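K.L.:
Attaching a single structure in structure tokens format; questions to follow.
The values are calculated or read from the model by the stated rules, or taken from the named source; none is laboratory data. Model, not experiment: these values are computed from the prediction. For neighbour counting, all protein chains shown are included, and Cβ atoms are generated from backbone atoms with ideal geometry for every residue, glycine included.
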């Protein structure tokens, strides 16, 4: 899952939008329309980002197709601390994938 986190949030276009979605979903589940309104982003951008997050097992849709609420998968909830570590490292400065992997190993060894 660590390679997925790197790719989805830092290694591909749209990572910033996906990070904003994660921040909102942390508070409570939302549907695509709610995310669009809160983020003031085009609906198609939200839908695309949600598809990427679903494909990579980060979020899952619950409920009817149109009004489906999105929430974290159990798999992503299990690596949420690693996601936070990635965000913290990214805020300090651009972090390379090898540097992030080293931070993960240090944290797990501590």
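K.L.:
Consider the stretch 60-72. How many of its residues are in contact with a strand residue (DSSP E or B) (Cβ under 8 Å, 6 or more places away or on another chain) and either under 14 Å from residue 1 (Cα atoms) or part of a loop (DSSP other than H, G, I, E, B) (or both)?
P.N.:
Within the stretch 60-72, residues that are in contact with a strand residue (DSSP E or B) (Cβ under 8 Å, 6 or more places away or on another chain) and either under 14 Å from residue 1 (Cα atoms) or part of a loop (DSSP other than H, G, I, E, B) (or both) number 3.
K.L.:
Name the residues in the stretch 10-25 that are out of contact with any helix residue (DSSP H, G or I) (no Cβ under 7 Å at 6 or more places or on another chain), free of Cβ contacts under 8 Å to residues at least 24 places away in the same chain and under 19 Å from residue 68 (Cα atoms), would you?
P.N.:
23
K.L.:
When you check residue 7 against the structure, is it within 25 Å of residue 106 (Cα to Cα), touching a residue at least 40 places away in the same chain (Cβ under 8 Å), part of a helix (DSSP H, G or I) and in contact with a helix residue (DSSP H, G or I) (Cβ under 8 Å, 6 or more places away or on another chain), yes or no?
P.N.:
Answer is no for this residue.
K.L.:
Do you know which residues across the stretch 40-59 are out of contact with any strand residue (DSSP E or B) (no Cβ under 6 Å at 6 or more places or on another chain) and either in contact (Cβ under 8 Å) with a residue 40 or more places away in the chain or outside any helix (DSSP H, G or I) (or both)?
P.N.:
Those that are out of contact with any strand residue (DSSP E or B) (no Cβ under 6 Å at 6 or more places or on another chain) and either in contact (Cβ under 8 Å) with a residue 40 or more places away in the chain or outside any helix (DSSP H, G or I) (or both): 40, 41, 42, 52, 56, 57, 58.
K.L.:
Inside the stretch 20-39, can you point out the residues that are surrounded by 14 or more Cβ atoms within 10 Å (Cβ to Cβ) and either in a loop (DSSP other than H, G, I, E, B) or at pLDDT below 95 (or both)?
P.N.:
If the condition is that a residue be surrounded by 14 or more Cβ atoms within 10 Å (Cβ to Cβ) and either in a loop (DSSP other than H, G, I, E, B) or at pLDDT below 95 (or both), then 29, 31 are the ones that fit.
K.L.:
Give the residue, chosen from 101, 75, that is modelled with pLDDT under 85, over 15 Å from residue 24 (Cβ atoms) and either in contact with a strand residue (DSSP E or B) (Cβ under 9 Å, 6 or more places away or on another chain) or surrounded by 11 or more Cβ atoms within 10 Å (Cβ to Cβ) (or both).
P.N.:
Step by step, each of 101, 75 is checked, and only 101 is modelled with pLDDT under 85, over 15 Å from residue 24 (Cβ atoms) and either in contact with a strand residue (DSSP E or B) (Cβ under 9 Å, 6 or more places away or on another chain) or surrounded by 11 or more Cβ atoms within 10 Å (Cβ to Cβ) (or both).
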